[in-house]
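**Q** Structure incoming, see below.
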Amino acid sequence: MESVGPAASTDHGPLRILLVDDDEDDFIITRDLLSDSRRLDAELIWAASGAEARGLLSGTPIDLVLLDVNLGGVSGLDLLVEIQRDGCTCPLIMLTGAGDDQVDQRCMDLGAADYLEKGPQLTVTLLERSILHALDRQRDRQNIALMTTALEGLSDGIFITDNDTRLLFANRAVRDLCGGNSGDATCWTVPTDAADHLTHLMELAGNHGDNGAEESGEIDFLLKHPQDRNLRTFSLSDYQVTLDQAQRHRLRLGIVRDVSEVRAAQAELDRFFKLSGDCLFVADASATILRVNPAWRRTLGFQSHDLVGRTFWSLFHDPQHPLLCKARERLENHHSVEQMERPCQGSFGHRIWMSWNLVPVPEQGLLYGSGRDMSERKSSEDALLFTSLHDSLTGLENRVCSLKRLQTCLQWQQRYPNRFFVLLFIDLDNFKNVNDRLGHAAGDQLLSEVARRLKQGVRATDHVARLGGDEFLVLLEDLDNQADALTMIERLVRALSSRVTLGSETVAGSASVGVVFSSRTYRTAESMIRDADIAMYEAKRGGKHGYRVFDASMSAQSSRLLTLEAGLEEVISRRELILAYQPIVNLADDCRLIGFEALLRWQHPQLGTISPHELVPIAEHNGLIGPIGLWVLESACRDLLRWQGLHPGGHAFTLNVNLSAKQLFDPELLQSIRDVLDVTGFPPRLLHLEVTETSLITNVALATHVLRNIQDLGIHLSLDDFGTGYSSLQYLQQFPISSLKIDKSFVRGIESNERDLRIACAVISLARSLELDVVAEGIETRVQMHRLQTLGCGLGQGYLFARPLSAEETEAYIRSQATQLEKALA
């Protein structure tokens, strides 16, 4: 028994079939046949005349029409024509009374989907097959019409040929390209002037597909566009479509696309690729290099054949470095990598620092990359980093570096309590006398000799640092016991006691040493250095030239700290804080006065004047730096406002105020500054807030955010003590600063120390390139001033111009400057 699938129907229910026949018996027979059908779910509608049929077709949805050839004197063929003219698009099957080949052919010529002979020979099977076939052809025609409409609207040209390269189809884009648009896609008469173009396209398709592949790839060809007559670049993609399993009937599909702009852009990119000074590459998704530009040869010494087929990661000597692993992870997750800085292996084994940008394009399965040689910048940064962590005179580690190293030792001891180390605080005895009697050059020579002896007297695992002036730190690590430590300390003291030749004179060497043994009670490097400093002063009080180990009896300094902390609570209300002002002058304009730096002093009733170097750390530790800093800012703004206008030229003085690290990261800082400016009316453009490098690098992102908010208020920002901390080009570019202050330690040495002179010159040149002002601190001699002026330093301050002045002295100083100016102008 024949298997039967689901009965054919429509989305709106059973098939609606219209029978047009003047014989009711035929209607009954046809209805019964349809009711017996297992393949059709149909509703038969009967029209006994042509007029009735046309009326039904105009108002009733009909899926198929069964039309009798003879309608009682009316020709069914004429009605067929009229129905189609009325707009009927459903399939029409003609019913004939007897086989007549001419009538049957006539039916088909007029557009009938099929014809059937009525009578006993008309079975359910024949009726089913004819109706289903007609419906299938109708759907095929509709699909072809939809596809043709879609292809007609494409901007790409589509054409189809048979095995003999006869054109079967050409959409509008092809017809336009070939210079004619008459006819439709399948009934197009090729214009004479378009024949050559079309023949060229079909020949390209035929030749391109000679290899028998289903897809023959893509080729480019040049063709004059019929609209603008310009020679343009087109691409042709060619596909074979097999219509039967024997592959005897094939069609060839051609796709033509105008790629002139794309190819021009690709050519431009190729030119950029070849001419770029950066190392550019294209790799696959696994980072295997596919293409490189000539810059690789100039930068890393590689030719193209050296790199193609290698993975990008093989360029690095440490492919498992955490930075590279993180970069690989980002690429695997389809994220780009920016400014990945690592040294690469050059063709001769040398290493070159490169900065890489990597962009994955998953949809292409490609990785694009560019690398830039940053060796010079890295060398400059390394030099600046070395300078920031080392003393310029002795080459020893400086305070910043030693603090960091000591803090690391303390952290290790918290994890490994048995680890034993010793800290020495060394201060030269009578160094001031050498400086005063023999000059700074002799003093520098003495410091250099002391540094040399300390380095020679310790092991390779120990560390020697110069804190500043004549103070040194020595960190003796991984000792077995205190006895070994004391043996080394005594050896160092003896080495420092040997006489030193300074020019034509020989002076006796002598140093006082404070010693602190490691202990888990120490949590900060500062506290350990503080106790070593206390022990050193005990050694000096004991007659100098020796050492003392810190113990509980040395509590005087601790007592002082407690006294200061206790008095700090009410320091503002008791009006013990005072401000001093040091003038800032324009070195490029006859040292004209342009502003002042406000300097904090604490006039303690028992301990006398306390400097900010001692006051600020205590205030920060006790959480009082906020109100003290606010008092300084408001008081200084009020004082400067009183003095504005005293200068006869109407010059507006600038005000420099220091911000400590704790102040900088105080969430209330920005609002406090706004409040001070609102209350005092001080112009923000005249206010310069000074911050140190070390305070910024503790949290670079937050510091940048805070500084930008301050800058948005119209306030200038200055980087204080530049060169003594983590000096970095990256930070200079990142932080919104407007000026640098050269530390006085460098200024003092520019008279006799070539290294300090080069550092000052480098800082000034760097600031000029970044369009930053430069202020030199601690100018004490005219030689220093003249050298700074020669180097192009714009601003300066120091004892050469004026020591820090009280408010009354400052006002008198301004008036004296005004008087001198009036005399000069008279």
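**Q** I'd like to verify a number: residues in the stretch 46-78 that are more than 17 Å from residue 104 (Cβ to Cβ) and either in contact (Cβ under 8 Å) with a residue 60 or more places away in the chain or open to solvent by 30 Å² or more (accessible area, probe 1.4 Å) (or both), how many?
**A** 18
**Q** Quick test of your reading of the structure: residue 119 fulfils all but one of (1) closer than 17 Å to residue 17 by Cα; (2) part of a loop (DSSP other than H, G, I, E, B); (3) free of Cβ contacts under 8 Å to residues at least 40 places away in the same chain. Name the failing condition by number.
**A** Result: residue 119 passes all but (1).
**Q** Among 569, 576, which is out of contact with any Gly (no Cβ under 7 Å at 6 or more places or on another chain) and over 30 Å from residue 797 (Cβ atoms)?
**A** Step by step, each of 569, 576 is checked, and only 569 is out of contact with any Gly (no Cβ under 7 Å at 6 or more places or on another chain) and over 30 Å from residue 797 (Cβ atoms).
**Q** Give me the pairs: first residue in the stretch 15-32 and assigned by the TED database to the domain that holds residue 133, second residue buried (at least 17 other Cβ atoms within 10 Å of the Cβ) and polar (S, T, N, Q), beta-carbon distance under 6 Å, and six or more apart or on different chains, which are they?
**A** 19/30
**Q** Given the criterion more than 19 Å from residue 13 (Cα to Cα) and either of a type outside the set (Lys, Arg) or touching a helix residue (DSSP H, G or I) at 6+ places or on another chain (Cβ under 7 Å) (or both), identify the matching residue among 56, 40, 44, 92.
**A** The unique qualifying residue is 92.
**Q** Also: Of all residues being outside any loop (DSSP other than H, G, I, E, B) and charged (D, E, K, R) in the stretch 512-559, which is least open to solvent (accessible area, probe 1.4 Å)? Just the residue, please.
**A** 531
**Q** Looking at this structure, is residue 444 touching a Gly at 6+ places or on another chain (Cβ under 8 Å), open to solvent by 20 Å² or more (accessible area, probe 1.4 Å) and of a type in the set (Asp, Glu)?
**A** It is true that residue 444 is touching a Gly at 6+ places or on another chain (Cβ under 8 Å), open to solvent by 20 Å² or more (accessible area, probe 1.4 Å) and of a type in the set (Asp, Glu).
**Q** Counting just the residues of the stretch 79-96 that are part of a helix (DSSP H, G or I) and open to solvent by less than 10 Å² (accessible area, probe 1.4 Å), which one comes out nearest to residue 133 (Cα to Cα)?
**A** Applying the filter and picking the extreme gives 80.
**Q** Do you know which residues across the stretch 137-153 are assigned to a helix (DSSP H, G or I) and open to solvent by less than 70 Å² (accessible area, probe 1.4 Å)?
**A** Of everything in the stretch 137-153, those that are assigned to a helix (DSSP H, G or I) and open to solvent by less than 70 Å² (accessible area, probe 1.4 Å) turn out to be 138, 145, 148, 150, 151, 152.
**Q** Further question on the same structure: From the residues in the stretch 472-488 that are in contact with a strand residue (DSSP E or B) (Cβ under 7 Å, 6 or more places away or on another chain) and buried (at least 17 other Cβ atoms within 10 Å of the Cβ), which one is modelled with the lowest pLDDT?
**A** Filtering the stretch 472-488 for residues that are in contact with a strand residue (DSSP E or B) (Cβ under 7 Å, 6 or more places away or on another chain) and buried (at least 17 other Cβ atoms within 10 Å of the Cβ), the one modelled with the lowest pLDDT comes out as 479.
**Q** Something else about it: Being assigned by the TED database to the domain that holds residue 434 and touching a helix residue (DSSP H, G or I) at 6+ places or on another chain (Cβ under 8 Å) is true for just one of 494, 499, 523. Which residue is that?
**A** After applying the criteria, what remains is 523.
**Q** Tell me, please, whether a residue that is open to solvent by less than 30 Å² (accessible area, probe 1.4 Å), in the same structural domain as residue 720 (by the TED database) and within 20 Å of residue 688 (Cβ to Cβ) can be found in the stretch 600-611.
**A** Yes, because at least one residue in the stretch 600-611 is open to solvent by less than 30 Å² (accessible area, probe 1.4 Å), in the same structural domain as residue 720 (by the TED database) and within 20 Å of residue 688 (Cβ to Cβ).
**Q** If you don't mind, another one. Just to be sure I understand, how many residues within the stretch 762-803 are surrounded by fewer than 16 Cβ atoms within 10 Å (Cβ to Cβ), in a helix (DSSP H, G or I) and of a type in the set (Gly, Ala, Ser)?
**A** 2
**Q** All but one of (1) within 30 Å of residue 775 (Cα to Cα); (2) among the small types (Gly, Ala, Ser); (3) open to solvent by less than 50 Å² (accessible area, probe 1.4 Å) hold for residue 588, so report the exception by its number.
**A** Failed condition: (3).
Results for (1) open to solvent by 30 Å² or more (accessible area, probe 1.4 Å); (2) among the aliphatic types (A, V, I, L, M); (3) outside the structural domain of residue 475 (by the TED database); (4) in a loop (DSSP other than H, G, I, E, B), shown as yes or no for each residue.
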position	(1), (2), (3), (4)
386	yes, no, yes, no
395	yes, no, no, yes
401	no, no, no, no
406	no, yes, no, no
409	no, no, no, no
414	yes, no, no, no
419	yes, no, no, yes
424	no, yes, no, no
427	no, no, no, no
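**Q** While we're looking at this one, here's another question. State all residues of the stretch 304-317 that are in a loop (DSSP other than H, G, I, E, B) and more than 17 Å from residue 351 (Cα to Cα); if no residue qualifies, say none.
**A** Selection gives 308, 309, 310.
**Q** Right, something else. Got a sec? Which of 745, 752, 806, 738 is open to solvent by 20 Å² or more (accessible area, probe 1.4 Å), within 33 Å of the chain's Cα centre (by Cα) and of a type in the set (Ser, Thr, Tyr)?
**A** 738
The values are calculated or read from the model by the stated rules, or taken from the named source; none is laboratory data. Note that the coordinates shown come from a computational prediction; the quantities given were computed from them, not determined experimentally. Cβ sites come from the backbone with ideal geometry, for glycine too, and all protein chains shown count toward neighbours. Side chains included, ligands, DNA and RNA excluded: accessible areas come from the protein's heavy atoms. Shrake-Rupley method; radii C 1.70, N 1.55, O 1.52, S 1.80 Å.
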